[in-house]
1. So, restricting to strands (runs of 3 or more DSSP E) that lie completely within segment 270-346, which ones have at least 2 residues that are closer than 27 Å to Pro392 by Cβ?
2. If the requirement is being on the phi < 0 side of the Ramachandran plot, modelled with pLDDT under 95 and either crowded, with 19+ Cβ neighbours inside 10 Å or not acidic (Asp, Glu) (or both), which of these qualifies: Thr730, Thr708?
3. Residues of segment 193-211 being among the aliphatic types (A, V, I, L, M) and more than 23 Å from Glu458 (Cβ to Cβ), which ones?
4. Out of all the residues in segment 74-105, which are out of contact with any Phe, Trp or Tyr (no Cβ under 9 Å at 6 or more places or on another chain) and either more than 20 Å from Glu164 (Cβ to Cβ) or in contact (Cβ under 8 Å) with a residue 40 or more places away in the chain (or both)?
5. Would it be correct to say that Thr219 is among the polar types (S, T, N, Q), modelled with pLDDT of 95 or more and buried (at least 19 other Cβ atoms within 10 Å of the Cβ)?
6. Applying the selection to segment 622-654, what residues are assigned to a helix (DSSP H, G or I) and in contact (Cβ under 8 Å) with a residue 40 or more places away in the chain?
7. Restricting to helices (runs of 4 or more DSSP H) lying wholly in segment 354-444: which have 3 or more residues that are of a type outside the set (Ser, Thr, Tyr)?
8. Suppose we filter segment 94-134 for residues that are over 30 Å from Glu399 (Cβ atoms), under 30 Å from the mean Cα position of the chain (by Cα), β-branched (Val, Ile, Thr) and buried (at least 22 other Cβ atoms within 10 Å of the Cβ); how many remain?
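The values are calculated or read from the model by the stated rules, or taken from the named source; none is laboratory data. Because the structure is a prediction, the values reported are computed rather than measured. All Cβ positions, glycine included, derive from the backbone under ideal geometry; neighbour counts span all protein chains shown.
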Amino acid sequence: MTALVALCLPPFAATSRADGRSSNVSLVNPFIGTTGASSTEYGGMIPSTAPPFGMTRWSPMTRDNYVSRTPYHLNDPKITGFIGTHQPAIWMGDSGYVVGMPGVGAVKTAAADRGLAFTHADETASPARYTVNMQTGAGQTLRTEMTATSRVGSLRMTYPHGAESNFVLQATRPGITGQVHVDPRAREITGYNPDRQDSDLGPFKAPHFKGYFVARFDTPFAGYGTATGATQYEGRADRTDGNVSAYVRFPSGTQKVQVRIATSFISVTQARANLAAEVPDDQSFEQTVARTRAQWSGKLDRVDLTGATPDQKAVFYTAMYHALQYPSEMSEHGRYYSAYDDKVHSGVSYTGYSTWDTYRAENAFLTLFAPERINGMVTSMLQDYQQGGWLPMWKNITETNIMVGTNADSIIAEDMAKGFTGFDRELAYRAVYKDAMTPPDRDTELDFHDREQGTPVEARAGLTTYKRNGWVAADHTSEAGSRTLDYAYEDWAVAQIAKKVGKTADAHMFLARSNNYKKLFNTSTGFMQSRNLDGSWADGGFTEGDQWVYTLDVLHDIPGLIALKGGDEKFASWLDSYFAGGHNNHTNEPSHQAAYLYDYAGQPWKTQEQVRRIARTNYANSPDGLSGNEDCGQMSAWYVLSSLGIYPVNPASAQYAVGSPFFDKAVLRLPASSRPLVISAPGAAAKPYVQSLSLNGRSITEPSLSQTDLVRGGHLKFTMSSAPQAWAATTAPPPPNPEPAYDMGCAGCAGSRSAR
């Protein structure tokens with residue numbers, strides 16, 4: 001891709017690690033993915049600061065955010081605020097956000113009036129701190145620094161000398177009724193914002209949902225007021241209204257001000273407790289920066305690369321930074337608000353579950369790099385099932401019914417296959433069994449088109465006809481081709497869970513049903529094709545892809561797909577046409593496994609070629625360096641795993657297809673491993689082809705590795721070549737037969753085995 005702007009801003013001073021080297025946190029470029037040629041089809045990322053999986057991410061704000069629009073875009077000329085956002089992806093909405101903005105001179109409470117110009121030369125970002133100098137007049141700048149914990153944002157302002165200083169806290173926008181309260185004695189502004197921009201999606205309306213906040217200043221107020229839009233009410237401490245905000249002015253001559261803004265989904269009282277727990281009054285701004293940076297260091301410094309260029313390192317560690325943001329925490333120190341039943345519960349909870357995207361590689365990435373989170377994430381999904389009746393499809397605070405399929409089935413099957421046991425396995429089976437066997441309400445009445453409003457939980461829409469005929473009927477249900485293929489794979493995943501809990505008969509039934517993908521194969525065209533209720537072929541019916549892409553969407557039975565296509569040679573030739581014809585669209589997830597399918601057809605060197613090409617053309621160290629939406633970590637997880645030479649074509653199998661490592665050496669200190677995994681591939685930059693592979697001295701002759709191979713550590717040695725090689729050409733990956741890597745439930749993922 002051609003970079004629009006060659007922006008790679010210098011990081012803050014590097015922190016040293018125990019081994020004396022600079023932390024890899026310094027290599028992250030948070031501006032990757034902040035712009036692109038399209039207004040929506042780019043990375044959709046923001047230069048946010050928060051720890052891994054932070055509940056509230058803090059970002060400079062250059063525009064109002066909503067569905068298909070994030071709060072920061074690199075090309076915007078002004079900053080209108082600093083937002084505590086819960087927006088998980090560009091094409092989802094925000095919920096319970098809060099915005100703060102410093103100003104000079106007359107107080108400006110309307111967003112349209114308060115923007116301040118800035119340049120990227122005066123802007124610096126890292127995962128733990130963001131700094132910008134905004135222009136307030138001739139030769140004057142207002143400096144704002146920002147850091148954050150999971151639930152608290154901290155802003156430090158340096159106002160121009162001699163200027164009258166103020167700060168505006170906006171709770172809601174026009175049409176949204178919120179509340180603000182100013183307490184000058186406590187030097188606080190408190191309130192709430194009930195806005196859920198996706199509230200028109202899904203059946204759960206969460207009538208009591210609010211994003212609460214407590215903003216505590218370190219400087220006394222010289223004056224204060226409340227406002228609705230540009231209309232101000234000087235000296236008025238309370239206001240419940242639409243487009244509501246509060247403001248404070250500081251004493252004349254004030255230059256340095258710090259404000260800590262705590263957030264909560266539970267109450268103002270809980271927000272105040274979050275403030276005390278995460279950024280107490282005696283904790284300095286620099287201490288907060290250091291603690292958040294240390295959390296990132298604890299993840300990013302587990303991987304060291306040799307033979308990577310500076311740009312490759314920036315892309316790699318930024319990809320880790322992106323992937324480690326999802327899903328985000330929703331619980332608050334042992335309690336959480338559930339939008340499914342509109343109540344507060346005890347436990348751990350997560351949100352931002354884009355399961356249709358993330359089941360492919362993001363979850364596999366998390367099982368390797370954040371295994372301590374996995375049991376809690378599964379438990380969170382099971383709580384959603386208990387409180388809302390179904391596992392999440394696309395949870396953005398609550399179910400939104402976005403995308404197709406019940407891909408939580410795959411995530412749970414994968415986690416169980418990899419040995420995670422710290423959740424209720426019987427409850428998990430009941431949940432996935434319901435996904436697979438119970439049609440959604442009104443299944444025969446609604447077509448469940450994209451973002452359809454007023455629908456029940458979509459779950460497996462069209463399951464009625466799928467169970468009857470073996471396919472979702474295209475003349476009754478939207479996106480029927482994609483759904484059929486997804487349901488077949490998910491049936492396979494449910495079968496694996498059934499085996500684990502001793503439901504042998506169910507396992508056989510679901511395995512048989514997983515062959516339904518064959519019913520979409522049109523032998524006269526060689527493509528997968530949607531079908532109507534009467535069995536006739538239908539046009540379209542695919543989600544973010546076409547018949548070329550979806551003909552490859554058989555993750556659980558690639559040998560069966562190859563047989564349908566006429567065998568290895570014909571299948572590989574068809575793949576050649578697929579890539580040569582430009583049908584592989586890496587910006588959308590159904591294409592993500594395609595390059596690895598040559599492994600299964602006896603031509604793994606073509607996998608090695610294509611993976612390198614895809615990485616080269618879709619990822620770059622520039623603001624437009626993501627070709628498509630990040631999609632809650634999936635785009636970045638693809639890059640991280642592919643750059644290490646592996647990819648989970650069938651995630652629920654606990655196996656990885658082998659590709660082509662990008663670097664001479666990668667040392668991985670995985671949290672659940674007792675020793676590092678060293679992946680060596682000398683000369684990889686100029687030698688993309690695998691000549692041989694060994695693991696701890698044992699020759700690997702098939703293009704496949706297991707989770708066990710990786711988490712046990714040791715030496716994974718690639719011998720690379722500049723020309724295509726016959727390695728693994730006669731030994732396809734084995735049939736999926738998942739076995740636990742370790743008992744991960746969960747002492748083995750808390751760090752006790754860590755080498756760091």
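1. 335-338, 343-346
2. Of the residues listed, the single one that is on the phi < 0 side of the Ramachandran plot, modelled with pLDDT under 95 and either crowded, with 19+ Cβ neighbours inside 10 Å or not acidic (Asp, Glu) (or both) is Thr730.
3. Correct list: empty.
4. Asn75, Asp76, Gly81, Trp91, Tyr97, Gly105
5. Criteria not met by Thr219.
6. Matches in segment 622-654: Gln634, Met635, Ser636, Ala637, Trp638, Tyr639, Val640, Leu641, Ser643, Pro651, Ala652, Ser653.
7. Of the helices (runs of 4 or more DSSP H) lying wholly inside segment 354-444, those with at least 3 residues that are of a type outside the set (Ser, Thr, Tyr) span 362-369, 371-388, 408-417, 425-437.
8. Number of matching residues: 1.
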